[in-house]
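For reference, the structure is listed below as structure tokens.
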Amino acid sequence: MQKARLFGAPVLCSSELIPREDVPQGWYCYDLRGTARHPDEPYALVDRAEENRAGSVLSYLPLKSGRAQSRLVRDMFQLDGVPVSLKEFCTDEKIRCPKTPLRHMLRPASSEEVGLFYSQTPERDEELGTIGHVRIDFGYEGKEFWHTWWPRGPEELNTQEFKEDLNKVVNDLRQGILKDLSSMRRRCYGSEGAIEGGSCCQNYGFTLETERYLYRLRCNPIEGDYQAYLSCFVRQEQQMGLTEQGRQKLRESADPHIPHIYDWYVMEACNTADEQFTSGLSLEEAIQRYAASENDSKRLGVTKDDIAAVDLVIRHDGREWIPEDYQKSMSFAEDPVISDAVTRLHQTLEGQNASQSMMMGGIC
């Protein structure tokens with residue numbers, strides 16, 4: 001999008017249609033309409049232009065009365081012509097940036113990733129941290145949503161935390177590319193996500209990453225077949241499992257006979273526009289920062305040898321717990337430094353939160 005001014009107000013303008021379902025909550029979206037003689041020159045601002053659309057406008061301020069059909073633009077539109085992201089726009093205007101919907105984080109598949117959008121051998125699934133995939137069908141008229149879960153890889157990866165993350169991702173994608181077959185076609189056709197493979201038609205691949213998981217969405221936007229496969233991976237193992245060098249580094253990180261480097265971190269306001277990540281801390285510093293933070297969504301964890309990371313304490317929605325993830329990772333399961341740290345964290349936080357409930361290995 002490009003920054004512009006319309007009726008004296010700063011706005012974002014796009015030559016492409018802005019899907020209304022993608023408009024941030026509390027913001028306003030309009031179309032610029034041209035004339036029959038000059039369809040590409042903005043003449044009026046309307047809610048939706050049925051013809052002669054000259055662009056779309058995104059604004060954090062209302063630009064016309066809800067009762068008015070249109071508002072003449074005349075010479076009140078000035079386009080800067082400089083590409084800008086929503087976050088950059090909000091920073092420039094000193095306004096709060098709305099939380100980015102997960103569907104906006106989809107990126108087209110790169111040539112190196114193509115094979116990962118298709119089935120793997122059980123051995124390869126285990127290497128890649130594969131959890132499973134969701135098979136999706138839009139039904140006879142392309143407007144339904146039939147889905148089936150197919151487990152792959154180690155069963156212990158299919159945790160409650162993952163299920164909640166997957167549910168959030170699917171619900172968000174259903175407002176965009178997975179809304180129906182027409183929405184998928186609009187997103188795929190002409191995009192940079194075209195990938196090789198597929199038995200009967202052109203397939204498209206898109207990747208989405210959340211804090212702990214990685215999703216690869218393969219789209220097959222035709223009738224009469226399954227239209228999508230959403231493969232799910234543990235993010236860390238997916239990234240490191242792509243090369244032998246990465247796998248060797250992970251093996252070394254699990255070796256108790258060689259020295260290791262530990263970088264403790266604290267995350268605050270997790271998964272929001274105000275998220276803060278502070279690393280380079282000692283364990284003592286991390287505990288102090290975590291305890292001092294009044295944010296209700298925070299995490300304390302550690303990165304080992306710059307290759308493996310794990311959260312050791314999580315607080316969210318008024319609850320606080322020590323997850324068992326470190327026990328399932330070869331980099332941390334047998335590490336005495338981590339074991340001692342978990343014991344200390346449990347004792348420290350139990351003392352600080354005597355009036356609250358806390359449970360090892362699960363949410364209270």
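The values are calculated or read from the model by the stated rules, or taken from the named source; none is laboratory data. Because the structure is a prediction, the values reported are computed rather than measured. Positions of Cβ are backbone-derived with ideal geometry, glycine not excepted, and every protein chain shown enters the neighbour counts.
Tabulated values for the structure
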read-out	value
Single residue of THR148, THR100, THR130 found to be modelled with pLDDT under 90 and among the hydroxyl-bearing types (Ser, Thr, Tyr)	THR100
All positions within segment 282-327 that are closer than 30 Å to ARG251 by Cβ and small (Gly, Ala, Ser)	SER282, ALA286, GLY301, ALA308, ALA309
Lone unmet requirement of (1) surrounded by fewer than 17 Cβ atoms within 10 Å (Cβ to Cβ); (2) within 16 Å of ILE222 (Cα to Cα); (3) not charged (D, E, K, R) for HIS147	(2)
Residues within segment 1-48 that are assigned to a strand (DSSP E or B) and among the basic types (Lys, Arg), tallied	3
Test: residue in segment 171-187 that is surrounded by 16 or more Cβ atoms within 10 Å (Cβ to Cβ) and under 13 Å from the mean Cα position of the chain (by Cα)	yes
Residue in segment 27-36 that is of a type in the set (A, V, I, L, M) and buried (at least 19 other Cβ atoms within 10 Å of the Cβ) present	yes
Filter result for ASN171 (without any contact (Cβ under 8 Å) to a residue 12 or more places away in the chain and under 30 Å from SER329 (Cβ atoms))	yes
Any hit, segment 128-148, residues being in contact (Cβ under 8 Å) with a residue 40 or more places away in the chain and over 30 Å from GLY224 (Cβ atoms)	yes
Per-region count, segment 331-360, residues in contact with a Leu (Cβ under 7 Å, 6 or more places away or on another chain) and modelled with pLDDT of 75 or more	4
Filter pass, GLU88 being out of contact with any helix residue (DSSP H, G or I) (no Cβ under 8 Å at 6 or more places or on another chain) and surrounded by 12 or more Cβ atoms within 10 Å (Cβ to Cβ)	yes
